[in-house]
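Every read-out reported here was derived from the displayed coordinates using simple, explicitly stated rules and does not represent laboratory data. Small disclaimer: the values here were computed from a predicted structure and weren't measured. As a convention, Cβ positions derive from the backbone with ideal geometry for all residues, glycine included, and neighbour counts pool all protein chains shown.
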């Protein structure tokens, strides 16, 4: 019995020592973190106009805090040495929307425009009754579709999209390149379907990535009018068009990519994903869109 008691005591001492070691490590990490914060090595770039009350609002924080995540591409580096710095900005959690800055290179943007320009046609919309395409004043741009995996450059872009979204390449439709001239727009709409015709192939659309192929002098923003807040704290608020001030909005910038989800994590359709393309006021807007489905989209 004495021997058994001795073993039990040594076991308890071992566990106590392990717990003490873990606590010591956690304490050291906490001290290191505080030192890094004090030196300014770690920081959250909060907008200077943020007030304490507003910052406590979780949805405002989703707009104000830029989360830097490195996703280097084939021809760009995240450190900015061999290309523009890449980082992901959390735009909103309601709807779920993120901006991948410098997702495409300038050469890739120009390539997609030159490849598509000779084949542009009047854009159409989906008829909610029949599920088929039709002309509409709701969408006044021109566009054309590129085949999925059409060439090496497109395959590289599609692979990058899959890496960013964690949605397989096979679940995506072909890229649609769009051109908006001054005065052209796309009224607020959903990317998910409300008919059975368009969900037969691949199921429902789960997410959209919208890549901006050109800068726009004024207008042409992507806006989410059902978002609960606006980005009226940003320095460029006065530069936005009136259309873009109705909700969270994104200004077109060559190379940036906007990812937003049409379905919530519980597989329900998200009405806050309602979005529109504001009228272009000055300049031309070029963009490329890829819609992604729940299941494989067969082409």
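See the values below:
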read-out	value
Residues (farther than 20 Å from residue 263 by Cα and in a loop (DSSP other than H, G, I, E, B)) located in the stretch 176-194	181, 182, 183, 184, 185
The stretch 141-157 - residue that is in a helix (DSSP H, G or I) and buried (at least 20 other Cβ atoms within 10 Å of the Cβ) and, of those, nearest to the chain's Cα centre (by Cα)	157
